[in-house]
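This report concerns only the one structure given below.
The values are calculated or read from the model by the stated rules, or taken from the named source; none is laboratory data. Since this is a predicted model, take the numbers as computed values, not measurements. All Cβ positions, glycine included, derive from the backbone under ideal geometry; neighbour counts span all protein chains shown. SASA here: full protein model, heavy atoms, side chains in, ligands and nucleic acids out. Shrake-Rupley method; radii C 1.70, N 1.55, O 1.52, S 1.80 Å.
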Amino acid sequence: MLSVAIAIALGLLWAGGAAGFAAAAEPPRRVVSYNACADQLLLALADPDQIAALSPYAIDPTVSVLADKARAFKRIDFQAESVIPLDPDLVLVGPQFGLVTRPILRALGFRVVAVDVVNDLAAARAQIRAVAELLGHPERGEAMVTELDAALARLAAAPHPPPSTALLVENGGYTIGPESLAATLMAQAGFTPPPGAPSGFGGIVPLEKLVALRPDFLVMSSVLDQANGQGALYLTHPALRALYPPDRRILLPARYTLCGGPSLVAALDYLTTVVSRLVVER
(Lines give C-alpha, C1' and ligand atoms only; values in the text may rest on other atoms or scores of the structure.)
Protein backbone atom coordinates (compact mmCIF):
# COMPACT_ATOMS: atom_id res chain seq x y z
CA MET A 1 0.00 0.00 0.00
CA LEU A 2 2.88 2.35 0.70
CA SER A 3 4.20 1.90 -2.84
CA VAL A 4 0.74 2.75 -4.20
CA ALA A 5 0.66 5.89 -2.07
CA ILE A 6 4.04 6.93 -3.37
CA ALA A 7 3.02 6.35 -6.95
CA ILE A 8 -0.07 8.53 -6.42
CA ALA A 9 2.09 11.18 -4.79
CA LEU A 10 4.43 11.28 -7.76
CA GLY A 11 1.48 11.79 -10.02
CA LEU A 12 0.23 14.67 -7.88
CA LEU A 13 3.67 16.25 -7.34
CA TRP A 14 3.35 19.98 -6.99
CA ALA A 15 5.99 22.51 -7.90
CA GLY A 16 6.01 24.49 -4.65
CA GLY A 17 8.99 24.27 -2.31
CA ALA A 18 9.12 23.68 1.41
CA ALA A 19 8.26 26.54 3.70
CA GLY A 20 11.89 26.65 4.82
CA PHE A 21 12.65 27.85 8.32
CA ALA A 22 9.52 29.99 8.61
CA ALA A 23 7.87 29.12 11.91
CA ALA A 24 4.57 27.26 11.75
CA ALA A 25 1.53 28.35 13.76
CA GLU A 26 2.38 25.70 16.36
CA PRO A 27 5.70 23.95 17.09
CA PRO A 28 6.04 20.56 15.39
CA ARG A 29 5.11 17.58 17.54
CA ARG A 30 6.66 14.74 15.50
CA VAL A 31 9.97 15.54 13.81
CA VAL A 32 11.95 13.15 11.63
CA SER A 33 15.58 13.79 10.68
CA TYR A 34 17.29 12.36 7.62
CA ASN A 35 20.63 14.10 8.19
CA ALA A 36 23.50 13.74 10.68
CA CYS A 37 23.75 17.49 11.28
CA ALA A 38 19.99 17.81 11.69
CA ASP A 39 20.09 14.85 14.10
CA GLN A 40 22.40 16.71 16.45
CA LEU A 41 20.50 19.99 16.29
CA LEU A 42 17.28 18.11 16.99
CA LEU A 43 18.77 16.23 19.94
CA ALA A 44 20.13 19.44 21.42
CA LEU A 45 17.19 21.78 20.82
CA ALA A 46 13.97 19.72 20.77
CA ASP A 47 11.95 18.14 23.55
CA PRO A 48 12.51 14.38 23.56
CA ASP A 49 8.85 13.73 22.76
CA GLN A 50 9.15 15.92 19.65
CA ILE A 51 11.65 13.48 18.10
CA ALA A 52 9.86 10.84 16.03
CA ALA A 53 12.99 9.39 14.44
CA LEU A 54 16.60 10.12 13.52
CA SER A 55 18.79 9.22 10.56
CA PRO A 56 20.81 5.98 10.37
CA TYR A 57 23.95 8.04 11.06
CA ALA A 58 22.69 9.35 14.39
CA ILE A 59 24.40 6.67 16.50
CA ASP A 60 27.70 6.70 14.57
CA PRO A 61 30.33 8.27 16.87
CA THR A 62 32.61 9.00 13.90
CA VAL A 63 30.13 11.57 12.55
CA SER A 64 28.16 12.69 15.63
CA VAL A 65 29.14 14.05 19.03
CA LEU A 66 25.70 13.05 20.34
CA ALA A 67 25.76 9.41 19.20
CA ASP A 68 25.18 8.04 22.70
CA LYS A 69 22.19 10.31 23.30
CA ALA A 70 20.73 9.30 19.93
CA ARG A 71 20.51 5.63 20.92
CA ALA A 72 17.35 6.36 22.91
CA PHE A 73 15.43 7.24 19.74
CA LYS A 74 14.03 5.39 16.76
CA ARG A 75 16.08 5.47 13.55
CA ILE A 76 14.76 5.32 10.01
CA ASP A 77 15.98 4.11 6.64
CA PHE A 78 16.53 6.55 3.79
CA GLN A 79 13.41 5.52 1.86
CA ALA A 80 10.18 7.49 2.00
CA GLU A 81 8.40 4.30 3.07
CA SER A 82 10.10 4.46 6.47
CA VAL A 83 8.75 7.95 7.16
CA ILE A 84 5.12 7.63 6.09
CA PRO A 85 3.94 5.44 9.03
CA LEU A 86 5.43 7.94 11.49
CA ASP A 87 3.20 10.73 10.14
CA PRO A 88 5.65 13.54 11.03
CA ASP A 89 4.67 17.19 10.87
CA LEU A 90 8.27 18.16 10.05
CA VAL A 91 11.02 16.33 8.16
CA LEU A 92 14.58 17.70 8.34
CA VAL A 93 16.90 16.79 5.48
CA GLY A 94 20.36 17.68 4.21
CA PRO A 95 20.90 20.06 1.28
CA GLN A 96 21.69 17.20 -1.12
CA PHE A 97 19.02 14.82 0.15
CA GLY A 98 17.46 12.40 -2.35
CA LEU A 99 16.30 13.92 -5.61
CA VAL A 100 13.39 11.48 -5.63
CA THR A 101 12.61 11.04 -1.92
CA ARG A 102 12.32 14.73 -1.06
CA PRO A 103 9.64 15.54 -3.67
CA ILE A 104 7.76 12.35 -2.73
CA LEU A 105 7.58 13.46 0.89
CA ARG A 106 6.44 16.94 -0.10
CA ALA A 107 3.83 15.55 -2.46
CA LEU A 108 2.47 13.41 0.36
CA GLY A 109 1.92 16.58 2.35
CA PHE A 110 4.89 16.44 4.71
CA ARG A 111 6.69 19.66 5.55
CA VAL A 112 10.33 19.22 4.44
CA VAL A 113 13.05 21.65 5.54
CA ALA A 114 16.69 21.46 4.46
CA VAL A 115 19.42 21.97 7.05
CA ASP A 116 22.32 23.42 5.06
CA VAL A 117 26.03 22.83 5.49
CA VAL A 118 27.69 25.63 7.47
CA ASN A 119 31.22 26.80 6.71
CA ASP A 120 31.75 29.64 9.18
CA LEU A 121 30.74 30.80 12.63
CA ALA A 122 28.20 33.37 11.47
CA ALA A 123 26.33 30.73 9.48
CA ALA A 124 26.51 28.34 12.44
CA ARG A 125 24.95 30.90 14.79
CA ALA A 126 22.20 31.70 12.28
CA GLN A 127 21.43 28.01 11.78
CA ILE A 128 21.19 27.32 15.52
CA ARG A 129 18.74 30.17 15.97
CA ALA A 130 16.70 29.20 12.91
CA VAL A 131 16.32 25.54 13.91
CA ALA A 132 15.51 26.45 17.51
CA GLU A 133 12.80 28.83 16.28
CA LEU A 134 11.48 26.17 13.92
CA LEU A 135 11.18 23.71 16.81
CA GLY A 136 9.45 26.24 19.04
CA HIS A 137 12.37 26.73 21.45
CA PRO A 138 14.12 29.98 20.51
CA GLU A 139 15.51 30.36 24.03
CA ARG A 140 17.44 27.11 23.59
CA GLY A 141 18.96 28.47 20.42
CA GLU A 142 20.17 31.55 22.26
CA ALA A 143 21.56 29.34 25.01
CA MET A 144 23.51 27.28 22.47
CA VAL A 145 24.88 30.41 20.80
CA THR A 146 26.04 31.53 24.25
CA GLU A 147 27.72 28.12 24.69
CA LEU A 148 29.42 28.56 21.31
CA ASP A 149 30.73 32.00 22.23
CA ALA A 150 31.95 30.68 25.58
CA ALA A 151 33.82 27.87 23.83
CA LEU A 152 35.42 30.44 21.50
CA ALA A 153 36.49 32.47 24.53
CA ARG A 154 38.03 29.39 26.18
CA LEU A 155 40.01 28.64 23.04
CA ALA A 156 41.18 32.26 22.73
CA ALA A 157 42.29 32.29 26.38
CA ALA A 158 44.21 29.02 26.21
CA PRO A 159 48.01 29.05 25.80
CA HIS A 160 48.90 28.74 22.11
CA PRO A 161 52.08 27.75 20.31
CA PRO A 162 53.52 30.44 17.98
CA PRO A 163 51.35 31.08 14.89
CA SER A 164 51.77 28.05 12.68
CA THR A 165 50.79 26.72 9.28
CA ALA A 166 48.79 23.52 8.98
CA LEU A 167 46.99 21.49 6.34
CA LEU A 168 44.15 19.06 6.94
CA VAL A 169 44.89 16.20 4.56
CA GLU A 170 42.61 13.24 3.88
CA ASN A 171 43.28 9.89 2.20
CA GLY A 172 44.70 10.22 -1.27
CA GLY A 173 45.92 13.77 -0.69
CA TYR A 174 42.65 15.67 -0.65
CA THR A 175 43.37 18.85 1.30
CA ILE A 176 40.62 20.84 3.01
CA GLY A 177 40.52 24.47 1.81
CA PRO A 178 40.09 27.76 3.69
CA GLU A 179 36.35 28.10 2.96
CA SER A 180 35.48 24.95 4.93
CA LEU A 181 34.26 24.61 8.50
CA ALA A 182 37.40 22.65 9.35
CA ALA A 183 39.58 25.55 8.20
CA THR A 184 37.46 27.97 10.23
CA LEU A 185 38.09 25.86 13.32
CA MET A 186 41.80 25.61 12.62
CA ALA A 187 42.04 29.38 12.15
CA GLN A 188 40.39 29.92 15.53
CA ALA A 189 43.13 27.72 17.00
CA GLY A 190 45.86 29.79 15.31
CA PHE A 191 46.62 27.55 12.34
CA THR A 192 46.56 28.85 8.75
CA PRO A 193 47.32 27.14 5.41
CA PRO A 194 50.81 27.67 4.00
CA PRO A 195 51.18 29.87 0.88
CA GLY A 196 50.35 27.86 -2.23
CA ALA A 197 47.80 25.59 -0.54
CA PRO A 198 44.49 24.94 -2.35
CA SER A 199 41.93 27.73 -2.18
CA GLY A 200 38.15 27.48 -1.83
CA PHE A 201 36.91 24.26 -0.32
CA GLY A 202 40.13 22.43 -1.13
CA GLY A 203 41.59 20.04 -3.67
CA ILE A 204 44.07 17.28 -4.33
CA VAL A 205 47.69 18.04 -3.39
CA PRO A 206 50.27 15.66 -4.88
CA LEU A 207 52.72 14.26 -2.37
CA GLU A 208 55.62 16.17 -3.93
CA LYS A 209 53.74 19.46 -3.56
CA LEU A 210 52.83 18.75 0.06
CA VAL A 211 56.50 18.14 0.83
CA ALA A 212 57.35 21.43 -0.90
CA LEU A 213 54.62 23.35 0.93
CA ARG A 214 55.92 21.92 4.19
CA PRO A 215 53.27 23.15 6.66
CA ASP A 216 54.33 23.18 10.29
CA PHE A 217 51.66 20.63 11.15
CA LEU A 218 49.81 17.89 9.28
CA VAL A 219 46.18 17.62 10.39
CA MET A 220 44.39 14.28 9.97
CA SER A 221 40.88 13.10 10.74
CA SER A 222 42.09 9.71 12.00
CA VAL A 223 45.28 7.98 13.05
CA LEU A 224 46.89 5.92 10.31
CA ASP A 225 49.83 3.76 11.31
CA GLN A 226 49.59 1.37 8.37
CA ALA A 227 48.23 1.66 4.85
CA ASN A 228 44.83 -0.05 4.88
CA GLY A 229 43.90 0.98 1.35
CA GLN A 230 45.14 2.73 -1.78
CA GLY A 231 44.28 6.18 -0.44
CA ALA A 232 46.08 5.56 2.85
CA LEU A 233 49.37 4.97 1.03
CA TYR A 234 49.65 8.76 0.71
CA LEU A 235 49.47 9.52 4.43
CA THR A 236 51.72 6.62 5.39
CA HIS A 237 54.43 7.43 2.83
CA PRO A 238 57.96 7.35 4.31
CA ALA A 239 58.56 10.98 3.28
CA LEU A 240 55.60 12.15 5.34
CA ARG A 241 56.54 9.92 8.22
CA ALA A 242 59.99 11.52 8.29
CA LEU A 243 58.70 15.11 8.01
CA TYR A 244 55.73 14.65 10.32
CA PRO A 245 56.41 12.49 13.36
CA PRO A 246 53.59 12.24 15.93
CA ASP A 247 54.44 15.59 17.56
CA ARG A 248 53.88 17.38 14.24
CA ARG A 249 50.57 15.70 13.48
CA ILE A 250 47.25 16.96 14.83
CA LEU A 251 44.25 14.67 15.07
CA LEU A 252 40.96 16.44 14.25
CA PRO A 253 38.22 13.78 14.04
CA ALA A 254 35.58 14.21 11.34
CA ARG A 255 32.76 14.42 13.90
CA TYR A 256 34.07 17.89 14.79
CA THR A 257 34.24 19.27 11.25
CA LEU A 258 31.05 18.07 9.53
CA CYS A 259 28.37 20.11 11.30
CA GLY A 260 27.62 23.24 13.25
CA GLY A 261 25.52 23.21 16.41
CA PRO A 262 26.63 21.04 19.33
CA SER A 263 29.51 19.50 17.38
CA LEU A 264 31.00 22.96 16.89
CA VAL A 265 31.02 23.64 20.63
CA ALA A 266 32.67 20.25 21.19
CA ALA A 267 35.21 20.94 18.44
CA LEU A 268 36.30 24.25 19.96
CA ASP A 269 36.81 22.65 23.37
CA TYR A 270 38.72 19.81 21.73
CA LEU A 271 41.02 22.31 19.99
CA THR A 272 41.54 24.13 23.29
CA THR A 273 43.01 20.89 24.63
CA VAL A 274 45.09 20.40 21.47
CA VAL A 275 46.76 23.82 21.50
CA SER A 276 47.40 23.64 25.25
CA ARG A 277 49.10 20.28 24.81
CA LEU A 278 51.25 21.58 21.94
CA VAL A 279 52.57 24.36 24.18
CA VAL A 280 53.63 21.79 26.79
CA GLU A 281 55.18 19.45 24.21
CA ARG A 282 57.17 22.23 22.51
Tabulated pairs, segment 154-177, first touching a residue at least 24 places away in the same chain (Cβ under 8 Å), second exposed (fewer than 14 other Cβ atoms within 10 Å of the Cβ) and in a strand (DSSP E or B), C-beta under 8 angstrom, 6+ apart or interchain:
172/204; 173/204; 174/203; 174/204; 175/203; 175/204; 177/203
From 52, 130, 46, grab the single residue that is open to solvent by 20 Å² or more (accessible area, probe 1.4 Å) and more than 16 Å from the chain's Cα centre (by Cα).
130
How many residues does segment 64-87 contain that are part of a loop (DSSP other than H, G, I, E, B) and at pLDDT 95 or above?
7
Could you run through segment 178-216 and say how many residues are on the phi > 0 side of the Ramachandran plot and polar (S, T, N, Q)?
0
Can you tell me which condition residue 95 does not meet? The list is (1) within 16 Å of residue 38 (Cβ to Cβ); (2) open to solvent by 70 Å² or more (accessible area, probe 1.4 Å); (3) part of a loop (DSSP other than H, G, I, E, B), and all the others hold.
(2)
Search segment 66-87 for residues that are free of Cβ contacts under 8 Å to residues at least 40 places away in the same chain and pair each with any residue that is of a type in the set (Asp, Glu) and open to solvent by less than 40 Å² (accessible area, probe 1.4 Å) when their beta-carbon atoms are under 7 Å apart and the residues are at least 6 apart or on different chains.
70/39
Do you know which of the residues in segment 137-170 that are part of a helix (DSSP H, G or I) and β-branched (Val, Ile, Thr) is least open to solvent (accessible area, probe 1.4 Å)?
145
Taking the condition closer than 29 Å to residue 97 by Cα, touching a Ser or Thr at 6+ places or on another chain (Cβ under 7 Å) and among the aliphatic types (A, V, I, L, M), does residue 108 pass?
no
Please specify each residue of segment 105-117 satisfying the condition of being open to solvent by 10 Å² or more (accessible area, probe 1.4 Å) and in contact (Cβ under 8 Å) with a residue 60 or more places away in the chain.
106, 107, 108, 111, 114, 117
When the residues of segment 233-282 are narrowed to those that are open to solvent by 10 Å² or more (accessible area, probe 1.4 Å) and among the aromatic types (Phe, Trp, Tyr), which ends up nearest to residue 155 (Cα to Cα)?
270
